[in-house]
Amino acid sequence: MQLTVPQNIRDIVPYPPGKPMDELEREYGVTNAIKLASNENPWGPSPKAVEAIGQMLTNLHRYPDGSSYYLTEALAKWVGCAPEEIVLGNGSNEVIEFLVKACVGSGDMVITSHPSFLMYQKFVQVRGGENVVIPLKDMRHDLTAILAAVTERTRLIFIDNPNNPTGTLITREEFDGFLRALPQSVIVVLDEAYVDFVDPEERVDLLGYIANCADIPAVVGMRTFSKAFGLAGLRVGFGIMHRDLASMLHRVRQPFNINLPAQAGALAALVDVEHYERTLSGTRDGRAWLSQEVSKLGCIPYPSYTNFFLIDVQGDATKLYEAMLYKGVIVRSMKAYGYPNFIRITVGTEAENQRFVTALGECLQDLGYVHS
């Protein structure tokens, strides 16, 4: 066999997923492992979503609604926009791919930050575009450096807000000044995967920019059902944008990209406001408790606007990550992201948080990093 594959495709490094729990238990001989590495919802999906998915299983011989009409209508009411301003994706990363497909050609430039979501750059590489990567400054997006990097070839700017993995947030004032300094030909994509955990008064006024876009660049917001709604396994995300841009994305969208159970589950999850609110309050309480407890162990927790946060463990994070695996606790080492002494953890249930703190204390003592 002889494969002829363009070099830009050969150069792509596959996205590295977190370690699955069953793999951990098999490799390390542990039971009842807990995963605090992928920023998932530890309380699971809404029971109403599970019930709705179950009711759809007898209809799997039918194609889903290609327009996802009822889910789109419900999302528009939830967000406060028009249905024509919603584009659904198989996870929000598919909407990111739509944007790159529709707006980026060979030689076009896309600006991203590092560290942030790796798939931005991979989609650009597939299209033959040029990635311009701006390092974070003090763990925040360096808006000044991003502005300085803009040229006439710049098509998209991706900003995850809050940022993953640092959990930091761009303020309304910072974003407004940044946006108005850009040429109108640039599209600014705000990846708001964790915006549900941000107080409404601190969020960027996305709908205001979409409604009043005459003299500013286009702004796109990305949202997901994977975090606060607990539906990561269904893969449902959506973009919010001006209807003219949404129309362009629908031209590159595959038909039936949101499957039947996903449409039913996401629609039911929107209705279960009680489950959604419990997730938000549980996250706030758990984050505060965890920050307090890891501080007592001599580590340094960093403030976050999300369901995860960074911890400076005062030693090699990868060694700590490996030691925690033997305790049946999966966290994420930030060494590959340029933070060799940091781990990132997801806020879990009360029992998971307690188990994490106990395991962390034991591993820190075994490694001799810090002393409580």
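I'm told GLY107 meets every condition in (1) more than 27 Å from SER226 (Cβ to Cβ); (2) modelled with pLDDT of 95 or more except one. Can you identify the failing condition by its number?
Going through the list (1) more than 27 Å from SER226 (Cβ to Cβ); (2) modelled with pLDDT of 95 or more, GLY107 breaks only (2).
Residues in segment 196-209 that are over 15 Å from ARG180 (Cβ atoms) and touching a helix residue (DSSP H, G or I) at 6+ places or on another chain (Cβ under 8 Å): how many?
5
Any idea which of TRP78, TRP43 is under 12 Å from ALA266 (Cβ atoms) and either assigned to a helix (DSSP H, G or I) or in contact (Cβ under 8 Å) with a residue 24 or more places away in the chain (or both)?
After ruling out the rest, the residue left standing is TRP78.
Yes or no: segment 320-332 includes at least one residue that is among the small types (Gly, Ala, Ser) and either in contact with a Leu (Cβ under 8 Å, 6 or more places away or on another chain) or surrounded by 19 or more Cβ atoms within 10 Å (Cβ to Cβ) (or both).
Yes, segment 320-332 has at least one match.
Any residue that is in a loop (DSSP other than H, G, I, E, B) and crowded, with 23+ Cβ neighbours inside 10 Å - is there at least one of those in segment 274-288? Explain how you work it out, then say what you get.
Filtering segment 274-288 down to residues in a loop (DSSP other than H, G, I, E, B) leaves none.
No: segment 274-288 contains no residue that is in a loop (DSSP other than H, G, I, E, B) and crowded, with 23+ Cβ neighbours inside 10 Å.
Residue-by-condition table, conditions (1) within 28 Å of ALA74 (Cα to Cα); (2) in contact (Cβ under 8 Å) with a residue 12 or more places away in the chain; (3) in contact with a Lys or Arg (Cβ under 7 Å, 6 or more places away or on another chain); (4) surrounded by fewer than 24 Cβ atoms within 10 Å (Cβ to Cβ):
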{"position": "ARG180", "(1), (2), (3), (4)": "no, yes, no, yes"}
{"position": "TYR194", "(1), (2), (3), (4)": "yes, yes, yes, no"}
{"position": "PRO200", "(1), (2), (3), (4)": "yes, no, no, yes"}
{"position": "SER226", "(1), (2), (3), (4)": "yes, yes, no, yes"}
{"position": "PHE229", "(1), (2), (3), (4)": "yes, yes, no, no"}
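Being part of a loop (DSSP other than H, G, I, E, B), among the small types (Gly, Ala, Ser) and within 18 Å of ILE157 (Cα to Cα) is the filter here, so list the residues in segment 203-220 that pass it.
none
Only one of VAL186, VAL150, VAL133 is out of contact with any Phe, Trp or Tyr (no Cβ under 9 Å at 6 or more places or on another chain), within 13 Å of PRO115 (Cβ to Cβ), without any contact (Cβ under 8 Å) to a residue 60 or more places away in the chain and among the β-branched types (Val, Ile, Thr); which?
Answer to the selection: VAL133.
Give the residue, chosen from THR166, THR151, THR171, that is more than 22 Å from the chain's Cα centre (by Cα) and more than 12 Å from SER92 (Cβ to Cβ).
None of the others qualify; the one that does is THR151.
Does PRO261 satisfy being part of a loop (DSSP other than H, G, I, E, B) and over 20 Å from the mean Cα position of the chain (by Cα)? Lay out the reasoning, then the answer.
Details: part of a loop (DSSP other than H, G, I, E, B): no; over 20 Å from the mean Cα position of the chain (by Cα): yes.
Criteria not met by PRO261.
In segment 163-175, how many are surrounded by fewer than 17 Cβ atoms within 10 Å (Cβ to Cβ), in contact (Cβ under 8 Å) with a residue 24 or more places away in the chain and outside any loop (DSSP other than H, G, I, E, B)?
Here the count works out to 2.
Do you know which residues across segment 349-372 are touching a His at 6+ places or on another chain (Cβ under 9 Å) and in contact (Cβ under 8 Å) with a residue 24 or more places away in the chain? Break it down stepwise before answering.
Here is the first cut: in segment 349-372, the ones touching a His at 6+ places or on another chain (Cβ under 9 Å) are 364-365.
LEU364, the sole residue that qualifies.
The values are calculated or read from the model by the stated rules, or taken from the named source; none is laboratory data. Treat the numbers as computed from the prediction; the structure is a model and nothing was measured. Every residue, glycine among them, receives a Cβ derived from its backbone with ideal geometry; neighbour counts consider all protein chains shown.
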